[in-house]
Amino acid sequence: MDYSKAKIEHIDQLVQLRLDYLAEDHGSLCPQESEQIASRLPDYYQKHLNNDLFVYICCDGNEIVSCVFLLVTEKPSNPDFLNGKTGSLLNVYTKPEHRHNGYAKRLLEMMLNDAKQMELDFVELKATEDGYGLYKTVGFKDSVSKYHNMKFVF
């Protein structure tokens, strides 16, 4: 297995991995959702890959079998993030036939090492029940906040 960061030539596979992840996470996607997401992702990856989006991949030959996305955001500094740079962990996904081989764990460790080198104040994520144990294993801790998680949807 080869572990590295994704490059522009991996975009087609990254689109498919994202769709596979979303289908598993949200239940099956309707064809219109899949088509709309698939049409937007290549441009997004072209703009963001290895700028503020870092994708760690495990390849079996030319096939990506596992991935971890790190989205880096810079915000005005405050006591919770003095450097002003934070990371959001997204799209941790391993193809079903390649699960339980330690690929995602190794990718997470690579990502955390890079996040430390980038001087991110923290990396956060929303864990599913399936991923919770893995994240605990590599050092993530439950986060309790006095704030309510809210969003405005258009």
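Restricting attention to region 20-73, the residues that are assigned to a strand (DSSP E or B) and either without any contact (Cβ under 8 Å) to a residue 24 or more places away in the chain or surrounded by 17 or more Cβ atoms within 10 Å (Cβ to Cβ) (or both) total 18.
For region 99-109, state whether one or more residues are without any contact (Cβ under 8 Å) to a residue 60 or more places away in the chain, within 26 Å of residue 134 (Cα to Cα) and small (Gly, Ala, Ser). Yes: one or more hits. Residue 22 meets the conditions (1) of a type in the set (A, V, I, L, M); (2) under 15 Å from the mean Cα position of the chain (by Cα); (3) modelled with pLDDT of 95 or more in every case but one. The failed one is (3).
Anything in region 128-148 that is modelled with pLDDT under 90 and over 21 Å from residue 22 (Cα atoms)? List them, or say none. Selection gives 143, 144, 145, 146, 147, 148. Do you know which of the residues in region 90-143 that are in a helix (DSSP H, G or I) and among the small types (Gly, Ala, Ser) is surrounded by the most Cβ atoms within 10 Å (Cβ to Cβ)? Out of the qualifying residues, it is 104.
The values are calculated or read from the model by the stated rules, or taken from the named source; none is laboratory data. Since we're looking at a predicted model, the values are computed, not measured. Here Cβ is always computed from backbone atoms with ideal geometry, including for glycine, and neighbour counts include all displayed protein chains.
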